[in-house]
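A short write-up of the structure that comes next.
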Amino acid sequence: MPAASHTMSRTCVFGYAGIICLVMALMGCQSGELRKLSGRPCSELEAALDLSKRVDTLNLLSEASTAHCDNLVVTYGAQARSQFRHKTFSITRETMNVFVPDGTFIEYVMESYERGYLSILLAISYARLHKVEDAKVELRDLDHELFAPIYNYGEDPINLLLSAVLWEQLGDVREARVDWLRLRDFQIFAMRDDQVLRRFAGERVNQIDNQEGASAEWRVYQVGRFPQIDWDLRFTNSTSGYFSITPREPFLASCASSTGVLVPTQSWFSKIAIRHSHAYHPLLNLQTWIRLPLGLTYSLIPLAAGAGVMVGGCMLDAAADGKGALCQLSIVGGMALMRTAPAVLEGALRPDLRHWEEVPAAVVVTRASKLELETCLAKPGATVQRLL
């Protein structure tokens with residue numbers, strides 16, 4: 001009977017710890033890597049759209065734009081922007097979010113740069129459908145999206161650049177000059193150390209003022225794919241809670257030529273990296289610090305369970321006058337349980353880094369008539385696709 005009792009206890013311990021680890025692992029997998037989408041017809045893309053899956057929907061809209069499925073983009077893009085724009089605060093969900101990995105019970109809300117880029121894609125689709133006035137409406141809405149004092153906010157140089165080029169393409173140079181001027185005088189942190197775009201924008205303002213190249217035809221290209229994001233714990237010199245957020249691959253350097261400019265979407269990454277900072281999202285920052293002791297407590301469960309399995313197994317083996325086989329098995333099993341503690345801690349503390357994945361790593365706007373004539377695209381080292 002002691003051996004049977006031990007077997008039952010060991011089974012319970014393993015089962016209990018296994019359930020805990022499984023739940024934590026499942027909660028930690030907030031969003032797996034999505035398959036790179038390419039080459040599907042518009043009807044298949046529309047059938048795959050599910051607005052309840054927010055990041056997936058945004059990724060599908062990127063593919064639809066590249067595939068020139070413009071009617072799909074203008075129909076579902078507007079719906080997505082409306083539904084994914086505002087954060088709905090729930091005391092219950094916000095409280096539950098503290099006890100589980102960040103974002104488990106919280107619906108994704110688009111960052112300001114994502115709302116702006118979606119407006120750009122809508123404007124491009126309307127322009128390709130020859131609906132000029134509708135395209136202008138989207139560009140005016142872009143200003144509102146960038147400046148709206150809502151949950152996610154802030155200007156963005158990439159969207160301003162694309163807006164300036166689109167205004168010129170739509171024949172409204174005066175509106176374009178406003179955006180070029182804002183780019184020239186841009187002061188936020190994302191532009192302070194990079195003067196390439198600011199100088200290019202300043203030259204364009206001078207050209208417009210001197211009526212030079214006012215009828216230039218711009219081409220817009222997207223370069224590469226936004227890099228995946230890594231995170232680690234850093235309790236000192238961190239501006240984002242206790243996280244260190246880094247891109248898995250480096251961004252391209254800015255480049256300007258006589259015909260165009262290449263600008264990396266690093267400012268978009270910077271927006272994600274500060275998501276948990278107190279200055280940007282105080283509530284998220286508070287939740288991360290409350291979650292820290294909880295995560296440490298969760299990680300102690302497999303440690304305690306593993307130690308219990310080892311000690312209990314060896315004690316039962318000694319009491320039953322065994323030959324050490326049960327003790328050895330208990331030690332192996334206990335060590336296996338204890339080794340899951342770091343994974344449990346990581347799953348509990350993992351920050352919410354969800355974002356629109358199918359966006360470019362850089363954009364290029366150029367007046368060159370052919371791709372190979374643009375100096376900044378000579379060796380991009382990544383796939384280049386034309387947007388406009």
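The values are calculated or read from the model by the stated rules, or taken from the named source; none is laboratory data. Small disclaimer: the values here were computed from a predicted structure and weren't measured. With ideal geometry, Cβ positions are generated from the backbone for all residues, glycine too; neighbour counts draw on all protein chains shown.
Quick notes
- Residues considered: Thr265, Thr288. Of these, the only one that is touching a Phe, Trp or Tyr at 6+ places or on another chain (Cβ under 9 Å), within 30 Å of Val363 (Cα to Cα) and not charged (D, E, K, R) is Thr265.
- Test: residue in region 45-59 that is over 30 Å from Val132 (Cβ atoms), modelled with pLDDT under 75 and of a type in the set (S, T, N, Q): no
- Checklist (1) in contact (Cβ under 8 Å) with a residue 24 or more places away in the chain; (2) more than 29 Å from the chain's Cα centre (by Cα) applied to Ala341, failing item: (2)
- Pro351 being assigned to a loop (DSSP other than H, G, I, E, B), in contact with a His (Cβ under 8 Å, 6 or more places away or on another chain) and either closer than 30 Å to Ile106 by Cβ or among the basic types (Lys, Arg) (or both): yes
- Single residue of region 351-371 satisfying the filter (crowded, with 21+ Cβ neighbours inside 10 Å and either over 25 Å from Ala273 (Cβ atoms) or at pLDDT below 85 (or both)) that is nearest to the chain's Cα centre (by Cα): Val365
- Just one of the listed residues (Leu166, Leu170, Leu162) is crowded, with 16+ Cβ neighbours inside 10 Å, closer than 25 Å to His86 by Cα and not acidic (Asp, Glu), namely Leu162.
- Candidate set: region 123-136, residues that are touching a Leu at 6+ places or on another chain (Cβ under 9 Å) and not charged (D, E, K, R); chosen: the one farthest from Arg81 (Cα to Cα): Val132
- Contact map, region 178-199: residues that are part of a loop (DSSP other than H, G, I, E, B) paired with residues that are modelled with pLDDT under 90 and aromatic (Phe, Trp, Tyr), Cβ distance under 8 Å, separation 6+ or inter-chain. No pairs are found.
- Qualifying residue in region 217-226 (condition: at pLDDT 90 or above and under 30 Å from Arg291 (Cα atoms)): yes
- Qualifying residue in region 135-144 (condition: surrounded by 15 or more Cβ atoms within 10 Å (Cβ to Cβ) and in contact (Cβ under 8 Å) with a residue 60 or more places away in the chain): no
- With respect to the conditions (1) in a helix (DSSP H, G or I); (2) touching a helix residue (DSSP H, G or I) at 6+ places or on another chain (Cβ under 7 Å); (3) β-branched (Val, Ile, Thr); (4) modelled with pLDDT of 85 or more, Val261 falls short on a single one, namely (1).
- Only one of the numbered conditions (1) within 24 Å of Tyr151 (Cα to Cα); (2) in contact (Cβ under 8 Å) with a residue 24 or more places away in the chain; (3) out of contact with any His (no Cβ under 6 Å at 6 or more places or on another chain) is violated by Asn285, and that is (3).
- Qualifying residue in region 280-292 (condition: closer than 26 Å to His355 by Cα and in a loop (DSSP other than H, G, I, E, B)): yes
- Lys136 passes every criterion in (1) in a helix (DSSP H, G or I); (2) modelled with pLDDT of 90 or more; (3) within 18 Å of Arg275 (Cβ to Cβ) apart from (3).
- Enumeration of residues in region 256-303 that are touching a strand residue (DSSP E or B) at 6+ places or on another chain (Cβ under 9 Å), under 30 Å from Glu212 (Cα atoms) and surrounded by fewer than 21 Cβ atoms within 10 Å (Cβ to Cβ): Ala256, Ser257, Thr259
- Lone qualifier among Ala325, Ala319, Ala378 - being farther than 30 Å from Tyr242 by Cβ, among the hydrophobic types (A, V, I, L, M, F, W, C), surrounded by fewer than 19 Cβ atoms within 10 Å (Cβ to Cβ) and under 31 Å from the mean Cα position of the chain (by Cα): Ala378
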